[in-house]
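Throughout, read-outs are computed from the coordinates displayed, never taken from laboratory work. The shown structure was predicted, so the numbers you read here are calculated from the model rather than taken from an experiment. Here the Cβ positions follow ideal geometry from the backbone for every residue, glycine too, while neighbour counts run over all protein chains shown.
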């Protein structure tokens, strides 16, 4: 493995591109289905069946239906002791590697390919089931081996074992910005010479503890989320995995890979404000977007589309709108903004990675996904939220926001890969 300080001098080794992407979520089982569902404005929100929700004030979520990982994962890859979350990430990673033309991973690349995965709940769904069994049977039928993958760090472990990788490995847990931060860190490792390719992304399952926590906070809409709508009443929890294959531009071109887009820059900030509430002054969100633009060497007017964090909680949508206005000034009302959480729910640790896939779909498929369910006007949320269906516009540069509990903010900027060397 190359050392992190062995930064390449070749400009094409400093540029990091996306050559594969994968996802499984409530509205699609792969990126092609996802693109079609986003274009149609499908809604994946409905009654949760993974566990009993009778004790909670809400009952809906964006659940992946009929998830059967063995049906798409080759037999040579063991699923032993994998959680639902691990299996989701494995399916998405296989899709991404296959699209990149890197499955199976070439022997000569295994020591220069790593894994960075964001997450949160990890194997809590399985852990809850284990302890329910323990309590009901006084321990006689509890399967404690199912706790082996309770940590969200188990996903990265399973992926490196499944693909035989020896490069850098890390797990990111910064709440709802985890998946986006994983993309940025993967970009940095490639630019720093720690590897030629990285599998990056996020995964998050629905589980009782998460559902109970957000219900206790009264942050969940009992029907479905309505981002930026005047009658918005909270988020809708969802589950998903989103995975990208990143490579240096030099490596991708050397092997003749199809390039889906480029990671132009990212920014990470902290609010230091509150564990769950956003800073109404939007200082962290503003600085996150400004940092990403500076890292990418872009002016605000060069952004063609903003994939908003857009949770549909009253304070978050207002805060993000204020942040966009502060960063983009008079141009803010002219930039299309949308929240695809209205379709696939808020997938927490996977959200930034899933919306990275959304951003790249917008670039490669030539449309802006809509914000569905917006029913009434909020006079303070007055940007162009793309509420009348998908917009047939081909963005060159997409800015994607992820603003998390604890004031963890990450903004990632993706662009169409240009022949010339970018600024910055």
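Some notes on this structure:
- Packing rank of 39-52, 336-349, 316-329, where each peptide gets the mean count of other beta carbons within 10 Å, highest leading: 336-349, 316-329, 39-52
- Placing a pseudo-label 7 Å from each Cα along the Cα-to-Cβ vector at residue 72 and residue 380 gives an inter-label distance of 4.1 nm.
- For region 265-415: rounded, prolate or oblate by the Cα gyration tensor [a/c cutoff 1.5]: rounded
- Efficiency of FRET between residue 79 and residue 326 - r from beta-carbon atoms, R0 35 angstrom, step 0.05: 0.15
- With both labels modelled 7 Å from their Cα along Cα-to-Cβ, the residue 12 to residue 302 distance reads 2.1 nm.
- In the chain, the convex hull through the Cα atoms has an average projected area of 19.3 nm², a quarter of its surface area.
- Average Cα contact separation per residue, region 181-339, under 8 Å, 6 or more apart, as relative contact order %: 23 percent
- Counted by neighbouring Cβ atoms within 10 Å, the residues 236, 210, 129, 181 run from fewest to most as 129, 210, 181, 236.
- If you take the Cα centroid of region 336-373 and the Cα centroid of region 216-233, the two points sit 18 Å apart.
- With an a/c value of 1.5 or above and a/b not larger than b/c for the gyration tensor axes a ≥ b ≥ c computed over the alpha-carbon atoms, region 20-173 is described as oblate.
- Separation of region 380-413 from region 261-302 is 12 Å, based on Cα centroids.
- Maximal additional length on extending the residue 65-residue 52 stretch stands at 3.1 nm, based on 0.36 nm per residue less the C-alpha distance.
- In terms of overall dimensions, region 1-92 has a Cα radius of gyration and Dmax of 19.0, 59 angstrom.
- In the chain, the DSSP-assigned H stretches of four residues or longer account for a calculated mean residue ellipticity at 222 nm of -9500 deg cm²/dmol, using -39500 (n - 2.57) per stretch and the full residue count as denominator.
- Residues of region 178-194 falling in the label zone of residue 166, defined by backbone nitrogen less than 16 Å from a point 7 Å along Cα to beta-carbon, are 194.
- Normalised contact order of region 265-415, rounded percent, pairs of Cα under 8 Å and 6 or more residues apart: 36 percent
- When only Cα pairs below 8 angstrom with a gap of at least 6 residues are kept, the chain shows a relative contact order of 24 percent.
- Approximating the spin labels as points 7 Å out from Cα along Cα→Cβ, the residue 147-to-residue 255 distance works out to 4.0 nm.
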